[in-house]
1. What helices (runs of 4 or more DSSP H) completely inside the range 144-261 contain at least 2 residues that are modelled with pLDDT of 95 or more?
2. Residue under question is residue 95, and the condition is that it be in a helix (DSSP H, G or I), crowded, with 24+ Cβ neighbours inside 10 Å and within 15 Å of the ligand (Cβ to nearest atom); does it hold?
3. Residue under question is residue 86, and the condition is that it be within 16 Å of the ligand (Cβ to nearest atom), more than 28 Å from residue 261 (Cβ to Cβ) and not aliphatic (A, V, I, L, M); does it hold?
4. Which residues, taken from the range 289-304, are in contact (Cβ under 8 Å) with a residue 60 or more places away in the chain, of a type outside the set (Ser, Thr, Tyr) and surrounded by 19 or more Cβ atoms within 10 Å (Cβ to Cβ)?
5. Residue by residue through the range 206-235, note down the ones that are surrounded by 16 or more Cβ atoms within 10 Å (Cβ to Cβ) and either among the basic types (Lys, Arg) or farther than 20 Å from residue 262 by Cα (or both).
6. With respect to residue 135, is the statement that it is among the aliphatic types (A, V, I, L, M) and within 16 Å of the ligand (Cβ to nearest atom) true?
7. Kindly check whether there is at least one residue in the range 259-280 that is within 26 Å of residue 160 (Cα to Cα), surrounded by fewer than 22 Cβ atoms within 10 Å (Cβ to Cβ) and away from the ligand (no atom under 16 Å from the Cβ).
8. Please identify the pairs in which a residue from the range 194-217 that is hydrophobic (A, V, I, L, M, F, W, C) has its Cβ atom under 7 Å from the Cβ atom of a residue that is assigned to a loop (DSSP other than H, G, I, E, B), counting only partners at least 6 apart or on another chain.
Amino acid sequence: MTEKRARFGSRFGIIMAAAGSAVGLGNIWRFPVETGNNGGAAFILIYLISVVILGIPLMAAEFFVGRHARSNTATAYRTLSKSPFWGNLGFFGVIGATLIMSYYIVVAGWVLKYMVLSAEGLLTTVGKGQETTTVFEGIFNRFSTDPVNPIIYMVLFIIICHISIVMGVQKGIEKFSKIFMPVLFAILIVLTIFSLFAPGAAEGLSFLFHPDFSKLNSKSILCAVGQSFYSLSLCMGCLCTYASYFGKDVNMVKSAISISIIDSFVAIMAGMIIFPAVFSANIDPQAGPSLVFIALPSAFLQAFGEWPIICYMVGVLFYALLVLATLTSAISLHEVPTAYISESWHIKRSYAATIVTVVCIIFGIFCSLSMGIMGEIKLFDKTIFDLFDYTTTTLMLPLSGILITIFIGWKVKRSLFVDELTNHGTIKSSIVTFILFVLRYIAPFALVITFLNGLGLLDF
Ligand code: TRP
């Protein structure tokens, strides 16, 4: 079994695959929205602190579990603990990843549709001088509430994920990431250069880089912590599963640092693309989740409308960027249950992937319909889509984080952890001591507060 297990082929492949998991809707969709809602630069600063202090140690911890056990995440935790409570922590991740995937593919479908729309000239056919925001609002609302169209795009999207998963770890996941991620970086750079020429560039950049600490409150700090966990793909088994395909010589602490730097860099670049356009168009940066589908096309049109070709390119490139980012993240989410099912049930990878794809499509259909005809069905005042998002991101993610940090920090033998992260003493271990300290004393505390806040039990 151990001999036959798949492996990533190169260090570059590992970084691209894991960064591909991290860079996703969280960076380009959620991050700008949260930054807008929480006042800009000060939020980003807290976000970065959270990445360094909490995110990197937790990522290293997940890498430890995955590479140590060299198995899917559910089995991995069971190899570390016989206790049914701690041993099932990995299974919790399998469920969490499947649920995240189920609503993630809905938004991914919208993104795919917008790439097609912008290639057809979405940004150049809407006449200038029209009430553009209203026009884009109409387009988005009509599409997202439609009972059929978004589901078609969602299925199309998951089929692409499915294909890459079935092609295997090295020939599918790694190869796709090695192609998609560099293209994504190239697009990011081109778009950033364009946006520096937008009329609102100075204002947008100042919003991003001049911290106004008076805008910060305890809620925004917790929001930054939650966002950093989501963005780094932590706690749901993605990185643990990927680490099970790492070779023995990979420096996992260094990899965790590189991946976190890439992820934060992309988030900030996405802000640099979005906010100059948003300020050029005098749009409220607090536009909320519809930002990239309603406010942003309108903002691009107003910022670049004078130059139709550039405007067209910005639109196409931006949505292509989102598609690539979303794909590599969704692939990592899909791999978590696929690896689990195929290894635990001893069935072929392609069969396991098919089960996951079908389950996610079924859940995804409900999430998608809850934007329109099933919008009236609510639980705790939330639509099905919101319920999936809230349960996974706000509840399961910090809860899993609390348990993982306590488990690794307090239950697992220290020497096992240090040994694995230092590749049996061949690399320096001073950071490992810091990581253990965080896992024991800081992260559980920070995550408990984030979790209680998510439950609405803290009143600031
Ligand atoms: N990190 C991805 C993003 O930013 C989403 C994602 C992938 C994720 N795997 C995850 C989020 C695991 C939480 C847990 O879009």
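1. Values: elements: 149-166, 175-196, 201-209, 218-231, 238-243.
Result: 149-166, 175-196, 218-231, 238-243.
2. no
3. In short, no.
4. 291, 292, 293, 294, 295, 297, 300, 301, 302, 303, 304 - these are the residues of the range 289-304 that are in contact (Cβ under 8 Å) with a residue 60 or more places away in the chain, of a type outside the set (Ser, Thr, Tyr) and surrounded by 19 or more Cβ atoms within 10 Å (Cβ to Cβ).
5. Hits for the range 206-235 are 207, 211, 216, 220, 221, 222, 223.
6. no
7. no
8. 207/40; 207/285; 208/40; 216/39
The values are calculated or read from the model by the stated rules, or taken from the named source; none is laboratory data. Not measured: the values here are computed from a predicted model. Don't worry about glycine lacking a Cβ; one is built from the backbone with ideal geometry, like all the others, and counts go over all protein chains shown.
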